[in-house]
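*Asks:* Dumping the structure here so I can ask a few things about it.
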Amino acid sequence: MKTLALVLLSLAALPLAAATQTWTNAPLIDTKCSAKFKPNTADTHTRNCALACESSGYGILTPDGAFLTFDKAGSEKALSELKASTKKDHLRATVTGELEGHTLKVHTIKLQ
């Protein structure tokens, strides 16, 4: 009985693996400008602004208005997508990754 209790206790202490999630058609915004936009105004954020604010990093706005900050690698992937794009605004992306608090560990990102 003690062995079973120890096994259960040790299993409970293991961190749960974060599940991979996908966000589709999510507004891509730089961190510096994230407080200026809501989901219904995010499409006015320009690519030029996002590139000018690259040092602040990137993230996405959720439909409820929460800003999920990308991890460093995710911000680098977002920057690469922005540089390759010719869009002037309406910066929407499909992002897959693991959410840890309000930080998104990005696996993939594709600007639409």
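*Asks:* Restricting attention to segment 32-78, which residues are in contact with a strand residue (DSSP E or B) (Cβ under 6 Å, 6 or more places away or on another chain) and assigned to a helix (DSSP H, G or I)?
*Replies:* Result: Ser34, Ala42, Ala50, Ser56, Gly74, Ser75, Lys77, Ala78.
*Asks:* Okay, moving on. I want to confirm something. Restricting to segment 79-88 and keeping residues that are assigned to a loop (DSSP other than H, G, I, E, B) and free of Cβ contacts under 8 Å to residues at least 40 places away in the same chain, which single residue is nearest to Leu104 (Cα to Cα)?
*Replies:* Ser85
*Asks:* Let me ask another. When you go through Thr96, Thr108, Thr24 one by one, which is the residue that is exposed (fewer than 13 other Cβ atoms within 10 Å of the Cβ) and either in contact (Cβ under 8 Å) with a residue 24 or more places away in the chain or in a loop (DSSP other than H, G, I, E, B) (or both)?
*Replies:* On inspection, the qualifying residue turns out to be Thr24.
Each reported figure results from applying straightforward, stated rules to the coordinates on display, with no laboratory input. All of these numbers come straight from a predicted model, not from anything done at the bench. So basically every Cβ, Gly included, is an ideal-geometry build from the backbone, and we count neighbours across all protein chains shown.
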